[in-house]
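What follows is a short report on a single structure.
The values are calculated or read from the model by the stated rules, or taken from the named source; none is laboratory data. Just so it is clear, the model here is predicted, and its values are computed rather than measured. All Cβ positions, glycine included, derive from the backbone under ideal geometry; neighbour counts span all protein chains shown. These accessible areas exclude ligands, DNA and RNA; they are computed on the full protein's heavy atoms, side chains included. Shrake-Rupley method; radii C 1.70, N 1.55, O 1.52, S 1.80 Å.
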Amino acid sequence: MDASVVKVMGMTWYRGQFSQLQNRAFRSYPPRICLKCPSVQAERSKRSPVRAGISCALKLKTGTKIYPLRSCASVSSPFSASRAMASIGCELLNSGMPINVSFYGLVGGPWATSYASNIISRSYSHTAKAGTRNRIISTEGGSSGKNTTDAAEVPDSSKKISGAKEVRKGKSKSKNKQPKVPPESNLTVAEVVESVDTPKTVQKKVKRSPARKKKPSVESSSLPKPNEDFTGKSNLKVSPTPTSCLVSKATSQGGKAWPQLYPPISKSVVVVESVTKAKVIQGYLGDMYEVLPSYGHVRDLAARSGSVRPDDDFSMVWEVPSPAWSHLKSIKVALSGAQNLILASDPDREGEAIAWHLIEMLQQQDALREDVSIARVVFNEITESSIKSSLQAPRNIDADLVHAYLARRALDYLIGFNVSPLLWRKLPGCQSAGRVQSAALALICDREKEIDDFKSTEYWTINAYFQNNNLNSTNNATVTSHLTHFDSKKLNQLSISSDVEAKSIEEKINLSKFEVIGSKTSKTRRNPPMPYITSTIQQDAANKLNFSASYTMKVAQKLYEGVELSDGKATGLITYMRTDGLHLSDEAAKSIQNFVVEKYGPNFATKSTRKYFKKVKNAQEAHEAIRPTDIRRVPSSLAGVLDADSLNLYTLIWCRTMACQMEPAIIEQLRCDIGNADQSIVFRSTCSRVEFLGYQAAYADAETIRVRHIDDDGGHRNDVFEILSKLKYGQPLYLTSVELDEHHTEPLPRYSEGSLVKKLEELGIGRPSTYATTIKVLKDRKYITMKSRALIPEFRGRMVSAFLSHYFSEVTDYSFTADMEAELDNVSGGITEWKGLLKDYWTRFSKYCESASGVHIHQVEKMLEKTFGDFLFSSLRDRNRTCPSCLAGTLVFKVSRFGAGYFIGCDQHPKCKYIAQTLYGEDNDNDIQDQQKRSVEEPKLLGLHPASQDKILLKCGPYGHYVQLGEDRKGHPPKRASLSHIKDVASVTLDIAIDLLQYPVTLGNHPDDSQPVILKLAKGGFSVRHRRTIAPVPKNLKPSEITLEKGLELLNGKDVKRCGRPKQKKSAEPAEAM
């Protein structure tokens, strides 16, 4: 059968499918129609009487007249328009590609092109929607079933969004040119398709409404799938700009014609993240470029429930903070006279997302003209040469990185906004829980549990001191050694377990004579350290400079963005600091080698450049390691430019970078064994010295004196080495003394910030950019505290970790977060589809949420009591849990229904309201206060009130000590008075308590408004109050001396404060849904 051309209007094509079919399937096999439309159109097509499904065996004769499909197609094997899987020319179930079709028109034969210009002018039911892709496709030639290609076999390799201008340009060149397709043509289908032009009017511009300025903007978006067209409702829309701005890694960019960005031929706007970086780059590029900061993200997920909607294909609601509008306005104004928009945010996931957000917001504001080119460039270092070379290598926004950002952001949001409300209800005062922070908190709490469960063991070591000359000699040297063998048995750490055993061994040693029984010399090579990555620089800065992880990244950010040098030029000092890649560029490695040769000599430089690779889980290695941008810029040259902390951190980076390309150090080790005659008792003395400094020369350099870590006792070690090397086999030695030392085994140390970052990196939890933020969040939430550089979990943090481990076991599992990071890396690499990943994890996680939401708070209390029982009841006398008040109840752990308190109280509540202990999860500054806080303090009876004969009790509550008049009764709260202003609570007597319980006292009415002036006692002491005005009473003034006149004088003083709710401001206009 002859080839024919079919024009189908109203089809929504996936990206790249048309080019795939015409380039591969149509060239190699008999052609077929393979279509897909959105489900909404499919349902409409199924219901509408003027539309019909395409027959599975539709054939057209060449030269046939033009008919609507419903009258032209003989439906011999109809299918549902909703989810059928078929293609023309094959059986219904023989194709893997859906062909749901909304029919609008059908054209066949040589009249195809002329009819196309008419059919698109019809009403809605016959016209393609704006934003859809309308293509010319072809029916089969003559074969039906033989040599057919299943549509699922066609790979989806092209995901590039075509620019509107390029489409229009291609059409304008061929305007009014009608293709000649003879009725009996022998052309292949591919040739026919390529010879027919799509009418210009088919491509329609998507109308947009400009966003209102200076108001928080909220918009709901659903990012398209990788093989799906962008529509007007999507957050990744078809950009009206002339160039494509979003592309996946799998897409070849060889055909992309980028405008020349450097040297400049037109005005360009460069957008970076910070003001400092913008100033430095502006100085490099000149007046043809305007460099503006975006100040980070211009929008983020709205901080409220429902911003990620799993039921709506994980659509997201974005919110633009108020300050971002002014930044967007500045960029919009700059673009009015520019031809190029260059997005130069950081070279990572977040930077890619910032660029994508900028494009989205600028499109909504109609700030991107059709003649503006959009390019994405990345700067690994802020130097003039790097900036200019990067401008010569533009690219599109990486869709895979944007997808990975969206997946991570959505997943963190879903976990946080579903777990946190449960924490608020089940554990008052526990503010939030997140994916990475929960795993980090579990690490810290598990280590604390190991410390609590650890049982210390006693052991002893024995050291002996020998001399190689007579005791009366003035020139004798002492040799220090430790016992390794006794009774012909090798000793381990716990071999000597008591002082009795140690003293028995000491007696036998004193009765023996010793001589040299062996000596051995060896050499080892100590390799240089690897260059810094984010995790290792945080560890080293914590260990050597005592920097926190967040402060390290803050200082490193300043070094990366650039400083002004002494010559007046500004430049970046280090490469990008958020990286897990260990490699160095060939140019940088060669420069380091040359500088090592100049500074230390050829023997210290490696023969060829060293290459390093990551051996931990989930390493991306997308960027270089952290290094100086110019290795010849030694730390001493920056002494007057950088502050002390910045200079110290730069010195660390400079040393490490120099060392990584130097030769290993050669260490000579000497071991000498000293024993008795039968060698049943053996002591060993060891020493080492550096034979060749190698990479250690960089750390011994005068440039590194600020961070030098090489020991200062090198001279002493050399002396000892000389003494041991002179000892000969069989030479007698004289025992001068024996030293017995008692030790106890210790648990693993608590995590420091550096060691926690190292553990997170080993487990593959988090990314380089999240380590510092994770630790900061745990501190801000008061889940952990730092003492002597150790991270100690608060009781509140331990409760959160126990709750999550019990009811959300998968979230706190280390492998869950590590596997999630691996999946996100797969999304970044274009391997995993991001919405499918979210659906998989959300399906599992939502089941945990449903299960935990049905847990009663009493169940949570029992679980925590079982988990922390030893800790909670350790302060009770004899561990007796009988209530001392009612003698019938049992003391149990309870969660306060009001506030953030946790306490140990009687289980007979409300009959008995006895509280033995209050817990808040906050450690005090010293052990004495900690012991006082944990101690049980019973109410003390001071006496009876002379008027009412009610008991006056001295009690301790959440805010300190107080006196109370009467017992606790339901519905009748007793009168109380705070004792926070009294230092010695034990000195409070019945008379003092009665005097305090009389407050508040009305001094009189204010002369201006006749409102009462009240003298009251609060937590901070006495104060005078009139309406919303409060004036504190000076400590040197007795409350009994205060009159109305004195109260009015205090209310007019300088220390007056206002309380209560301030006047309401005019409510802001509601956020506009974009």
* **Residue list for region 817-834, restricted to those being open to solvent by 30 Å² or more (accessible area, probe 1.4 Å) and farther than 22 Å from GLY416 by Cα** => ASN826, GLY829, GLY830, ILE831, THR832, GLU833
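Is it true that SER846 is more than 38 Å from the chain's Cα centre (by Cα) and more than 15 Å from ARG425 (Cβ to Cβ)? Give the steps one after another, and end with the answer.
Working: more than 38 Å from the chain's Cα centre (by Cα): no; more than 15 Å from ARG425 (Cβ to Cβ): yes.
Considered against the rule, which asks whether it is more than 38 Å from the chain's Cα centre (by Cα) and more than 15 Å from ARG425 (Cβ to Cβ), SER846 comes out as no.
Among the residues of region 818-834, is any farther than 28 Å from ASN543 by Cβ and more than 21 Å from the chain's Cα centre (by Cα)? Let's see the steps before the verdict.
Within region 818-834, the first condition is being farther than 28 Å from ASN543 by Cβ, and the residues that meet it are 819-820, 822-834.
Those left that are additionally more than 21 Å from the chain's Cα centre (by Cα): 831.
Yes, region 818-834 has at least one match.
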* Structure fact -> From the option list ALA549, ALA542, single residue qualifying as out of contact with any Leu (no Cβ under 9 Å at 6 or more places or on another chain) and at pLDDT 90 or above is ALA542
* What are the residues in region 378-396 that are over 15 Å from VAL272 (Cβ atoms) and open to solvent by less than 10 Å² (accessible area, probe 1.4 Å), if any? -> ASN396
* To do: Those residues that are closer than 20 Å to GLN557 by Cβ, out of contact with any helix residue (DSSP H, G or I) (no Cβ under 7 Å at 6 or more places or on another chain) and of a type in the set (Gly, Ala, Ser), I need them from region 271-295; list them, please.
  => ALA278, GLY283
* Asked: Which condition does TYR262 not pass, out of (1) crowded, with 18+ Cβ neighbours inside 10 Å; (2) in a helix (DSSP H, G or I); (3) in contact (Cβ under 8 Å) with a residue 24 or more places away in the chain, if it passes all the others?
  -> (2)
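So in region 338-352, with the set limited to residues that are not small (Gly, Ala, Ser) and not in a helix (DSSP H, G or I), which one is most open to solvent (accessible area, probe 1.4 Å)? Spell out how you get there, then give the answer.
Taking region 338-352 first, the residues not small (Gly, Ala, Ser) are 339-343, 346-350, 352.
Retained after the next criterion (residues that are not in a helix (DSSP H, G or I)): 339-343, 346-348.
Values: GLN339: 72, ASN340: 6, LEU341: 1, ILE342: 0, LEU343: 3, ASP346: 10, PRO347: 15, ASP348: 30 Å².
Taking the candidates together, the pick is GLN339.
Restricting attention to region 964-971, does a residue exist that is of a type outside the set (Asp, Glu), at pLDDT below 75, open to solvent by 40 Å² or more (accessible area, probe 1.4 Å) and part of a strand (DSSP E or B)?
From region 964-971, those of a type outside the set (Asp, Glu) are 964-966, 969-971; that's our starting set.
Checking which are at pLDDT below 75 leaves us with 969-971.
Still in the list and also open to solvent by 40 Å² or more (accessible area, probe 1.4 Å): 969-971.
Still in the running and part of a strand (DSSP E or B): 969.
Taking every residue of region 964-971 in turn, at least one turns out to be of a type outside the set (Asp, Glu), at pLDDT below 75, open to solvent by 40 Å² or more (accessible area, probe 1.4 Å) and part of a strand (DSSP E or B).
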* From the options TYR612, TYR650, residue that is surrounded by 20 or more Cβ atoms within 10 Å (Cβ to Cβ), under 37 Å from the mean Cα position of the chain (by Cα) and hydroxyl-bearing (Ser, Thr, Tyr) -> TYR650
* Please indicate, with yes or no, whether at least one residue in region 282-293 is over 20 Å from SER385 (Cα atoms) and at pLDDT below 90. => no
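Only residues that are within 19 Å of the chain's Cα centre (by Cα) and either part of a helix (DSSP H, G or I) or more than 23 Å from SER438 (Cα to Cα) (or both): list them for region 803-817, please.
First, the residues of region 803-817 that are within 19 Å of the chain's Cα centre (by Cα): 810-817.
Those that are within 19 Å of the chain's Cα centre (by Cα) and either part of a helix (DSSP H, G or I) or more than 23 Å from SER438 (Cα to Cα) (or both): GLU810, VAL811, THR812, TYR814, SER815, PHE816, THR817.
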* Kindly check whether there is at least one residue in region 433-441 that is crowded, with 21+ Cβ neighbours inside 10 Å, in contact with an Asp or Glu (Cβ under 9 Å, 6 or more places away or on another chain) and not small (Gly, Ala, Ser). => yes
* **Enumeration of residues in region 1016-1053 that are modelled with pLDDT under 85, farther than 24 Å from GLY957 by Cα and buried (at least 16 other Cβ atoms within 10 Å of the Cβ)** => PRO1039
* Asked: Could we say that ALA677 is touching a residue at least 12 places away in the same chain (Cβ under 8 Å), open to solvent by 80 Å² or more (accessible area, probe 1.4 Å) and among the small types (Gly, Ala, Ser) here?
  -> yes
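Picking from MET577, MET530, which residue would you name as being touching a strand residue (DSSP E or B) at 6+ places or on another chain (Cβ under 6 Å), over 30 Å from LYS728 (Cβ atoms) and part of a loop (DSSP other than H, G, I, E, B)?
Working: MET530 fails: touching a strand residue (DSSP E or B) at 6+ places or on another chain (Cβ under 6 Å).
MET577 is the lone residue from the list that is touching a strand residue (DSSP E or B) at 6+ places or on another chain (Cβ under 6 Å), over 30 Å from LYS728 (Cβ atoms) and part of a loop (DSSP other than H, G, I, E, B).
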* Asked: Which one of ASP840, ASP870 is part of a helix (DSSP H, G or I), acidic (Asp, Glu) and within 23 Å of the chain's Cα centre (by Cα)?
  -> ASP840
* In the set VAL1013, VAL1056, which member is loosely packed, with under 15 Cβ neighbours inside 10 Å and among the aliphatic types (A, V, I, L, M)? -> VAL1056
* What is the one condition in (1) surrounded by fewer than 13 Cβ atoms within 10 Å (Cβ to Cβ); (2) under 30 Å from THR867 (Cβ atoms); (3) basic (Lys, Arg) that LYS449 does not satisfy? -> (1)
* Tell me which of these LEU791 doesn't satisfy, since it passes every other one: (1) under 27 Å from GLY901 (Cα atoms); (2) in a helix (DSSP H, G or I). => (2)
* **Pick from region 552-570, criterion at pLDDT 90 or above and not charged (D, E, K, R), ranking: farthest from the chain's Cα centre (by Cα)** => LEU559
* Structure fact -> Scanning region 889-900 residue by residue, those in a loop (DSSP other than H, G, I, E, B) and modelled with pLDDT under 85 turn out to be SER896, ARG897, PHE898, GLY899, ALA900
* Asked: Is there a residue in region 753-775 that is surrounded by 15 or more Cβ atoms within 10 Å (Cβ to Cβ), of a type in the set (Gly, Ala, Ser) and farther than 29 Å from PHE845 by Cα?
  -> yes
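Could you run through region 972-991 and say how many residues are open to solvent by less than 70 Å² (accessible area, probe 1.4 Å) and in a helix (DSSP H, G or I)? Show your work before the answer.
Going through region 972-991, the residues open to solvent by less than 70 Å² (accessible area, probe 1.4 Å) turn out to be 974, 977-980, 982, 985, 987-990.
Now drop any that are not in a helix (DSSP H, G or I), which leaves 985, 987, 990.
The qualifying residues number 3.
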* Give the residue, chosen from GLN908, GLN917, that is part of a strand (DSSP E or B) and either more than 32 Å from the chain's Cα centre (by Cα) or under 30 Å from ASP313 (Cβ atoms) (or both). => GLN917
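In region 409-432, how many residues are assigned to a helix (DSSP H, G or I), buried (at least 19 other Cβ atoms within 10 Å of the Cβ) and not aliphatic (A, V, I, L, M)? Write out each step before concluding.
Step one: filter region 409-432 for residues assigned to a helix (DSSP H, G or I), giving 409-426.
Retained after the next criterion (residues that are buried (at least 19 other Cβ atoms within 10 Å of the Cβ)): 410-411, 413-415, 418-419, 422-423, 426.
Narrowing further to those that are not aliphatic (A, V, I, L, M): 413, 418, 426.
Going through region 409-432 one residue at a time, the tally reaches 3.
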* Does at least one position in region 739-748 carry a residue that is open to solvent by 70 Å² or more (accessible area, probe 1.4 Å) and over 30 Å from THR480 (Cα atoms)? -> no
* Mind telling me which of the residues VAL860, VAL827 ends up being among the hydrophobic types (A, V, I, L, M, F, W, C) and over 27 Å from GLU762 (Cβ atoms)? => VAL860
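So if I check each of ALA355, ALA334, ALA375, which one is on the phi < 0 side of the Ramachandran plot, in a strand (DSSP E or B), among the small types (Gly, Ala, Ser) and buried (at least 18 other Cβ atoms within 10 Å of the Cβ)? Give the steps one after another, and end with the answer.
Working: ALA355 fails: in a strand (DSSP E or B); ALA334 fails: in a strand (DSSP E or B).
The conditions single out ALA375.
So that you can scan it fast, the table gives a plain yes or no per residue for (1) assigned to a strand (DSSP E or B); (2) open to solvent by less than 30 Å² (accessible area, probe 1.4 Å); (3) in contact (Cβ under 8 Å) with a residue 40 or more places away in the chain:
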{"site": "TRP460", "(1), (2), (3)": "yes, no, yes"}
{"site": "SER481", "(1), (2), (3)": "yes, yes, yes"}
{"site": "ILE496", "(1), (2), (3)": "no, yes, no"}
{"site": "GLU507", "(1), (2), (3)": "no, no, no"}
